[in-house]
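Only one structure is covered here, and it is reproduced in the block below.
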Amino acid sequence: MLWLAIIAGSLLGLVAVLAAVGLALPRDHVAARRAVLDRPPEEVWRALTDVEAYPRWRRGVTALDRLSPGEFRERSSNGVIRYAIVAERPHELRITRIADPALPFGGRWIYELLPDGAGTRLTITEDGFITNPMFRVLSRTVFSTASTLEAFLTDLARHLGVAAVVEASPPSPRVGSPAEP
């Protein structure tokens, strides 16, 4: 019985330490990745904005529901996430944000398309936040805040039938204020 109490106390102590570390980590983060895709901006834009097609080419996305012209819900291995389209400038810029305040994370993705020779340089900046302190610890130790960006760019390149080298990028200059809570 004493061993069970020691094990339970140790586990509770570990959780308390991890929570304290998570509380000390910043809530907000900014990550950016870019890839040059050998397709014109118009073609890349069509793939980005045809969200109904995401389940056919994005790993982990199982379904997508259009809720209104400016809002959609994505079902994936990450759960159900509702998004709002905040701004668009066709073939150049799209900004989406997570529109569900009940989630333990949120923020926005800024997609910037620039012509690059015959292709397109696509930069995606995640201006996000993580409210749950345990998730903050995991985001620094188990997974990267940029891993979803990297997977998106890799999947998009495969969908377009091109190779892409995904690389770190400076964040978008459009990230001025902290992500919305």
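Within the shell defined by Cβ-Cβ distances under 12 Å, the residues around ARG82 carry a net charge of 0, with Lys and Arg each +1 and Asp and Glu each -1.
Each other residue within a Cβ distance under 12 Å of SER169 adds +1 if Lys or Arg and -1 if Asp or Glu, for a net charge of -1.
Tell me whether region 66-158 comes out rounded, prolate or oblate; compute the Cα gyration tensor, take square roots of the eigenvalues as a ≥ b ≥ c, and use a/c under 1.5 as the rounded threshold. In terms of gyration-tensor shape, oblate. Each helix, a run of at least 4 DSSP H residues, gives -39500 (n - 2.57); summed and divided by the residues of the chain, these come to -10000 deg cm²/dmol at 222 nm.
For the chain, the membrane-span-like helix rule (DSSP H, alpha carbon extent of at least 24 Å along the helix axis, mean Kyte-Doolittle at least -0.5) picks out 2-24; this says nothing about an actual membrane. Within the set of other residues whose C-beta is less than 12 Å from the C-beta of PRO133, count the net charge using Lys and Arg as +1 and Asp and Glu as -1. Net local charge, PRO133 excluded: +3.
Using Cβ counts within 10 Å as a stand-in for footprinting exposure, how do THR131, THR141 rank, fewest first? Don't skip to the answer; put the middle values down first.
Numbers: THR131 13, THR141 10.
The order, fewest Cβ neighbours first, is THR141, THR131.
What is region 55-103 by shape, rounded, prolate or oblate, if you read a ≥ b ≥ c off the alpha carbon gyration tensor as root eigenvalues and call it rounded for a/c under 1.5, prolate for a/b larger than b/c, and oblate otherwise? Oblate is the answer for region 55-103, as a/c is 1.5 or above yet b/c matches or exceeds a/b. Model label points for ALA63 and LEU93, set 7 angstrom from Cα along the Cα-to-Cβ axis, are 3.5 nm apart. In a GNM of the chain with a 10 Å cut-off on Cα contacts, which of PHE143, PHE105, PHE152 has the highest mean-square fluctuation? Result: PHE143 has the largest fluctuation of those listed.
Read the figures in this text as sums done on the coordinates, not as results from a lab. All values reported here derive from a predicted model rather than from experimental measurement. Virtual Cβ from ideal backbone geometry, glycine too; neighbours counted across all protein chains shown.
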